[in-house]
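The values are calculated or read from the model by the stated rules, or taken from the named source; none is laboratory data. Fair warning: this is a prediction, and the values are worked out from it, not measured in the lab. As a convention, Cβ positions derive from the backbone with ideal geometry for all residues, glycine included, and neighbour counts pool all protein chains shown.
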Amino acid sequence: MSRQLIYTGCGIDRAANFRADADWIRERLSDPAMIVVPVWRNLNLIDNVATAPLPVMPSGRQGIRITGAAETLVFLGLLDETPLFAADISALDEDDLGLLIGPDASFADLRTTGWLLPRDDAAIMAYARGLAYWHRSHRFCGRCGSAMESRSGGHARKCINDTCGRESYPRTDPAVIMLVTDDGIGGHGPRCLLGRHSRWDFAMYSTLAGFVEPGESLEEAVAREVLEEAGVIVSDVIYMASQPWPFPASIMLGYRARAETVDIKIDPEELADARWFTVDEVRNFGEWGADIPNEQPRLPRKDSIARWLVETWLAEVSG
């Protein structure tokens with residue numbers, strides 16, 4: 001079931017062994033069949049004429065025009081021997097952008113359209129978005145402050161200061177995300193613990209999550225985050241699945257954990273609310289983005305591993 005997570009399974013050959021070969025990369029860039037994945041200010045290109053969102057990944061003359069206008073190009077890999085490049089055109093203003101992409105497409109936030117796209121295309125777009133963001137946020141050397149240049153087909157940056165020469169590589173911040181279950185403590189259950197983040201102005205309840213800190217294991221991070229955010233002690237931390245989450249640069253590591261205590265004490269700086277929900281209560285949640293009262297509980301977005309963790313639990317306890 002984890003294979004169905006959005007932003008996974010892009011199905012491309014990353015051809016990592018060829019990235020350092022500048023001549024090979026140039027040959028792939030001149031391939032007339034080359035496919036381009038444009039990124040503009042963290043947005044991806046979507047067909048706005050079709051009845052449902054469809055990805056736009058130009059090739060041919062339009063692809064060449066886009067690569068020529070790009071501030072940064074990144075070799076993503078090969079799709080059936082066809083080279084794919086991410087092209088960051090964030091430096092263009094909206095007027096120039098319109099001339100380049102035409103009237104039938106527009107840039108959209110992948111977080112609102114990703115779950116509607118073909119899964120492999122959504123994964124490629126997320127991959128391109130993440131690398132484009134990394135290049136824009138790593139323009140200067142963290143050691144000496146000098147400018148950095150793209151290397152290895154866009155999968156590294158190197159300081160131009162010869163006395164420094166530091167190399168940096170795309171980073172991914174590990175974050176744990178966990179569904180905590182109550183299997184019957186105090187005569188209740190099965191129930192799951194869901195929280196409403198303080199930044200949401202509507203009642204979306206989701207799994208708890210947090211970044212892994214230096215010096216702790218992933219299982220320790222799960223237990224710490226649940227205790228800090230909701231005051232609940234957990235055990236039996238079990239890995240479930242992972243999901244790339246380039247919004248902007250994370251990998252979500254999904255877990256299930258069993259509650260040892262059920263009294264909730266939220267951290268108000270993190271959560272506005274946290275509750276135990278029964279199976280029937282979760283089944284009656286509204287959909288994220290639905291036109292319903294703000295106070296009615298809603299499920300997480302369909303593209304998130306949080307939603308997958310909740311739906312996996314529902315399927316299991318419903319037998």
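Look through region 276-301, keep the residues that are under 20 Å from residue 191 (Cα atoms) and over 26 Å from the mean Cα position of the chain (by Cα), and return whichever of them is surrounded by the fewest Cβ atoms within 10 Å (Cβ to Cβ). Spell out the reasoning first.
Of region 276-301, the ones under 20 Å from residue 191 (Cα atoms) are 276-287, 296-300.
When the remaining residues are screened for being over 26 Å from the mean Cα position of the chain (by Cα), the result is 276-281, 284, 296.
On the way: 276: 21, 277: 18, 278: 15, 279: 15, 280: 7, 281: 15, 284: 11, 296: 12.
The residue in question is 280.
Restricting attention to region 201-220, and to residues there that are assigned to a strand (DSSP E or B) and of a type outside the set (S, T, N, Q), which single residue is surrounded by the fewest Cβ atoms within 10 Å (Cβ to Cβ)?
Restricting attention to region 201-220, the residues satisfying the condition of being assigned to a strand (DSSP E or B) are 204, 206, 208-211.
Filter once more, so that each one left must be of a type outside the set (S, T, N, Q): 204, 208-211.
Working: 204: 21, 208: 26, 209: 26, 210: 17, 211: 11.
Among those residues, the one meeting the criterion is 211.
Filter region 262-271 down to the residues that are surrounded by 14 or more Cβ atoms within 10 Å (Cβ to Cβ) and over 14 Å from residue 224 (Cα atoms) and list them by number.
Initial filter on region 262-271 (surrounded by 14 or more Cβ atoms within 10 Å (Cβ to Cβ)): 262, 264, 266-267, 270-271.
Of everything in region 262-271, those that are surrounded by 14 or more Cβ atoms within 10 Å (Cβ to Cβ) and over 14 Å from residue 224 (Cα atoms) turn out to be 262, 264, 271.
Looking at this structure, is residue 52 of a type in the set (Gly, Ala, Ser), surrounded by fewer than 19 Cβ atoms within 10 Å (Cβ to Cβ), at pLDDT 95 or above and assigned to a loop (DSSP other than H, G, I, E, B)? Break it down stepwise before answering.
Numbers: of a type in the set (Gly, Ala, Ser): yes; surrounded by fewer than 19 Cβ atoms within 10 Å (Cβ to Cβ): yes; at pLDDT 95 or above: no; assigned to a loop (DSSP other than H, G, I, E, B): yes.
No, not satisfied.
Considering only region 97-114, I want to know if a residue exists there that is closer than 24 Å to residue 154 by Cα and assigned to a loop (DSSP other than H, G, I, E, B).
Among the residues of region 97-114, at least one is closer than 24 Å to residue 154 by Cα and assigned to a loop (DSSP other than H, G, I, E, B), which makes the answer yes.
Using the structure shown, decide if residue 241 is among the aliphatic types (A, V, I, L, M), at pLDDT 95 or above and crowded, with 17+ Cβ neighbours inside 10 Å. Explain how you work it out, then say what you get.
Values: among the aliphatic types (A, V, I, L, M): yes; at pLDDT 95 or above: yes; crowded, with 17+ Cβ neighbours inside 10 Å: yes.
So residue 241 passes the test.
Taking residue 192, is it among the hydrophobic types (A, V, I, L, M, F, W, C) and under 30 Å from residue 261 (Cβ atoms)?
Values: among the hydrophobic types (A, V, I, L, M, F, W, C): yes; under 30 Å from residue 261 (Cβ atoms): yes.
Judged against the criteria, residue 192 is a match.
Would you check if residue 208 is of a type in the set (A, V, I, L, M) and over 15 Å from residue 305 (Cα atoms)? Working first, answer last.
Values: of a type in the set (A, V, I, L, M): yes; over 15 Å from residue 305 (Cα atoms): no.
Answer is no for this residue.
Has region 178-201 got at least one residue that is out of contact with any Phe, Trp or Tyr (no Cβ under 8 Å at 6 or more places or on another chain), under 24 Å from residue 127 (Cα atoms) and hydroxyl-bearing (Ser, Thr, Tyr)?
Taking every residue of region 178-201 in turn, none turns out to be out of contact with any Phe, Trp or Tyr (no Cβ under 8 Å at 6 or more places or on another chain), under 24 Å from residue 127 (Cα atoms) and hydroxyl-bearing (Ser, Thr, Tyr).
Here is a list: 78, 45. Which entry is aliphatic (A, V, I, L, M), touching a residue at least 60 places away in the same chain (Cβ under 8 Å), over 26 Å from residue 300 (Cα atoms) and outside any loop (DSSP other than H, G, I, E, B)? Step through it out loud before you land on a result.
On the way: 45 fails: over 26 Å from residue 300 (Cα atoms).
Unique residue meeting the criteria: 78.
Do you know which of the residues in region 135-166 that are part of a strand (DSSP E or B) and not small (Gly, Ala, Ser) is surrounded by the fewest Cβ atoms within 10 Å (Cβ to Cβ)? Give the steps one after another, and end with the answer.
The initial filter retains those residues of region 135-166 that are part of a strand (DSSP E or B), namely 140, 147-151, 156-159.
Restricting the remaining residues to those that are not small (Gly, Ala, Ser) gives 140, 148-149, 151, 157-159.
Numbers: 140: 13, 148: 21, 149: 11, 151: 16, 157: 24, 158: 16, 159: 21.
Out of the qualifying residues, it is 149.
Could you check region 19-30 and list, in sequence order, the residues that are surrounded by fewer than 18 Cβ atoms within 10 Å (Cβ to Cβ) and either in a loop (DSSP other than H, G, I, E, B) or not acidic (Asp, Glu) (or both)?
Of all residues in region 19-30, those surrounded by fewer than 18 Cβ atoms within 10 Å (Cβ to Cβ) come to 20-24, 26-27, 29-30.
20, 21, 22, 24, 26, 29, 30 - these are the residues of region 19-30 that are surrounded by fewer than 18 Cβ atoms within 10 Å (Cβ to Cβ) and either in a loop (DSSP other than H, G, I, E, B) or not acidic (Asp, Glu) (or both).
Restricting the first residue to region 14-34 and requiring it to be closer than 25 Å to residue 61 by Cβ, which pairs with a second residue that is among the β-branched types (Val, Ile, Thr) meet a Cβ separation below 6 Å and a spacing of at least six or different chains?
Going by the 6 Å Cβ cut-off, the qualifying pairs are 33/82.
For region 19-26, state whether one or more residues are closer than 23 Å to residue 99 by Cα, in the same structural domain as residue 120 (by TED's automatic domain parsing) and not polar (S, T, N, Q).
Start the filter on region 19-26 by keeping residues that are closer than 23 Å to residue 99 by Cα, which leaves none.
No, because not a single residue in region 19-26 is closer than 23 Å to residue 99 by Cα, in the same structural domain as residue 120 (by TED's automatic domain parsing) and not polar (S, T, N, Q).
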